[in-house]
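Here the structure comes first, spelled out in structure tokens, and everything after it is commentary.
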Amino acid sequence: MTKKIVLPPQSDPPSDVEDIKRRSNYLRGTLVESLKDQMSSGISDDDNRLMKFHGSYLQDDRDLRNERQRQKLEPAYQFMVRVRAPGGVATSKQWLVMDELAHKYGNGTLRLTTRQAFQIHGILKWNMKKSIQEINKALMDTLAACGDVNRNVMCNPNPYQSKIHEQVYGWSRKLSNDLSPQTKAYHEIWLDGEKVVDNQDKEEEVEPLYGELYLPRKFKIGIAVPPNNDIDVFSQDLGFIAITKNDQLIGFNISVGGGMGMTHGDKETYPQLGRVIGFCTPDQLIDVAKKVITIQRDYGNRSVRKYARFKYTIDKRGLDWLINELNDRLGWELADAHDYKFDHNGDRYGWIKGSNDQWHFTLFIQNGRIKDSDEYPLMTGLREIAKVHTGEFRLTPNQNVMISNVSANKKEEIQKLIDKYQITAGEQYSALRRNSMACVAFPTCGLAMAEAERYLPSLIDKIELIIDEAGLNEEEIVIRMSGCPNGCSRPALAEIGFIGKGPGKYNMYLGGSFVGDRLSKLYKESIGEEEILSLLKPLLFQYAKEKEANERFGDFVIRTGHVKAVHSGLDFHD
Ligand code: SRM
Ligand code: SF4
């Protein structure tokens, strides 16, 4: 029997969520009873906290909220289910299952997320168990897609270096498996697994890595393969940068303490960039990840959740403390970091031939939403492709999808379907739109303060008029919008970022780098569309006229003094 995990004492009392976790008997709570309760289409607040660990959120349709309140009805409760796909890889069969479930139980759309996962929105409580069972039958799962544990492990869906990708993807899967919660609650509740006897004395055996309280907060890991930083490695709690030599993977640089979230008006919260602290070989990777997680488990703030992310644990105690603590726990020292160079954090669209002689087609999905409309039957087109495609689908960290590993023989057949359904690699759009991302926000996100996914496309329509006039149509500029300061579309790393403040109002940030290694800076607070456009217009015209050779927009606004460069979250609010 392993030793029970005893956390060092914290000076302040634990938050309510810590108490819910402690009482939950390893994430069971009263979920079974809540799901059966016919009186409400929702579940209790405590169970909703636990539900996240099972990969789902209770939501309500915010478009209907006021009307239902007026009619004295309970909110239009529904669940969002997030399906983990390490590295964003799904087989054609799995794609078809996602598509089917979205129609059968969800709102008829699929959402590809900024962390390479699938989301289905709009599932009613009565259909939750069936949905999760069918997801698991397709060999995918939702466990730990959300909650205070390690989340979906991101990995570059690199089509160029197929061999390196395969290895890196293998490591992302291993990280995902090895860091998964071990509780049998998921099987019991959703998959009718045999009930494990409620034996509190054996708690130390249940979660050897996490313990009964799990982590103080969510934890995110991603692996980047230079020169592509599409996974935004510096936004991860723990980031790995693949280092290759002579086309062989020799190990990973380790970056710690990135994160995007903050709270408006609270300067103790800020987006932060991960910092590179050393290098490890592939066979040391899992050990490093586990030990880093135990440090956050033991020292993360369990009293105030908004200060609980790993970035604050590190910033409070210092990077040297972290490195010493990690080396101590490892029992060996990290090697020095290797040189690396990123040149972008976006996706490259269209057909590309990989080093394995297979073809890959990356298509542009506006803000990750897969749906059919009269003008664009995207969902149908992808379904038809999935029926004949023998390779896999790779969800990208920029909410797009790659139809991957297409043989030369199959390429023509798939191209015909691409043509038939006019599936686009974004060639008809401006480079700005091709480099855009927006989070979900309204109507499903309970935390949204302003629109994002439903609004950014129309804002870009208007910005496109300016960039056309300025001759910048093919200039790649990273633009991102989030409906609140949680930063789910990683706007603090964009060259132009918008963070929702209230209905129709955004804080506008400028000066992130094109490669995702610098934070943006507040340029103007709480502005609406008219002001956004009137501020962007002169900046974009000045950029068109005065930019130096190959100078990126984010670098230009810093050089010309519009905003200061921000290299650490500690300077974000200065
Ligand atoms: Fe996120 C919470 C959607 C990536 C930072 N995020 C939420 C919730 C679950 C709202 C809630 O707690 O009730 C949103 C559900 C909306 C909906 O209706 O679907 C939500 N987050 C998303 C997704 C779907 C956005 C998207 O447009 O793709 C992304 C799902 C990723 C996945 O597959 O796991 C998503 N969220 C992110 C990212 C980007 C990333 O991880 O690379 C971030 C910033 C990075 C980070 O974590 O620092 C992010 N989400 C947050 C936060 C702020 C955490 C913090 O440090 O304070 C919250 C709120 C929270 O945790 O309390 C949040
Ligand atoms: Fe919701 Fe805010 Fe995340 Fe957007 S950034 S999905 S509004 S939590």
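Using a 4.7 Å cut-off between beta carbons, which cysteines in the chain end up with no partner cysteine at all?
CYS146, CYS155, CYS280, CYS445, CYS484
Taking the Cβ of each residue in PHE240, PHE514 as the centre, tally the other Cβ atoms inside 10 Å and list the residues starting with the fewest.
By the 10 Å Cβ count, ascending: PHE514, PHE240.
Just to be sure I understand the model, the point goes 7 Å from the Cα along the line to the Cβ. What's the resulting VAL388 to GLN428 distance in nm?
According to this spin-label approximation, the distance is 2.2 nm.
What full-extension length gain, to one decimal in nm, is calculated for ASN177 and LEU124 as 0.36 nm per residue of separation minus the Cα-Cα distance?
16.2 nm
Return an integer: the convex hull volume of the alpha-carbon atoms of segment 409-490, in Å³ per residue.
Numbers: hull volume 11.5 nm³, N = 82.
It is 140 Å³ per residue.
Just grab the label-to-label distance for LEU96 and ASP320, each label 7 Å out from Cα along the Cβ direction, in nm (one decimal).
Taking the simple label geometry, LEU96 and ASP320 are separated by 6.0 nm.
Grab the Cα-Cα distance for GLU551 and GLU166, subtract it from 0.36 nm times how many residues apart they are, and report the gain in nm with one decimal.
So the extension gain works out to 135.2 nm.
How big is D, in µm² s⁻¹, for the chain by Stokes-Einstein at 10 °C and 1.306 mPa s if Rh is the Kirkwood radius over C-alpha pairs?
Result for D is 65 µm²/s.
Give the residue list of GluC sites (Glu not before Pro) in segment 443-505 that are DSSP loop and have at most 13 other beta-carbon atoms within 10 angstrom.
The qualifying sites are GLU474.
Hey, what's the Kirkwood Rh for segment 155-282 if you take every pair of different alpha carbons, in angstrom?
Taking every pair of different Cα atoms in segment 155-282, averaging 1/r and inverting gives 17.1 Å.
With the cut-off at 26 Å, report for segment 310-447 the share of all Cα pairs above it, as a whole percent.
Every Cα pair in segment 310-447 considered, those over 26 Å come to 45 percent.
Among LEU522, LEU285, LEU432, which comes first, then next, by fewest other beta-carbon atoms within 10 Å?
Numbers: LEU522 16, LEU285 20, LEU432 24.
The fewest-first ordering by Cβ neighbours comes to LEU522, LEU285, LEU432.
Name the residue farthest towards the positive end of the dipole of the chain from the options SER303, PRO457, THR269, assuming +1 on Cβ of Lys and Arg, -1 on Cβ of Asp and Glu, about the Cα centre.
Farthest towards the positive end: SER303.
Which value in deg cm²/dmol, rounded to the nearest 500, describes the helix-derived mean residue ellipticity at 222 nm for the chain, given -39,500 (n - 2.57) per DSSP H run of n ≥ 4 and division by the residue count?
About -9500 deg cm²/dmol.
Using DSSP to define loop residues, name the trypsin sites (Lys or Arg not before Pro) in segment 493-574 whose beta-carbon has at most 13 other beta-carbon atoms within 10 Å.
Counting only loop positions with at most 13 other Cβ atoms within 10 Å, the trypsin sites (Lys or Arg not before Pro) in segment 493-574 are LYS564.
Find how much the distance from VAL32 to LYS291 grows on full extension, using 0.36 nm per residue of separation minus their present alpha carbon separation; answer in nm with one decimal.
89.9 nm
What spacing in nm lies between the two simple spin-label points modelled at ALA544 and LYS353, each 7 Å away from Cα in the Cβ direction?
3.8
Can you give the alpha-carbon Rg of segment 298-376 over 2.2 N^0.38 Å, where N counts its residues?
1.89
Would you mind checking segment 317-346 for residues with the amide N under 15 Å from a putative spin-label position 7 Å along Cα→C-beta of THR281?
332-336
No lab work stands behind these numbers, since they all come straight from the coordinates. Here the structure is a predicted model, which means the values were calculated and not measured. Note: ideal-geometry Cβ built from the backbone for every residue, glycine included; neighbour counts use all protein chains shown.
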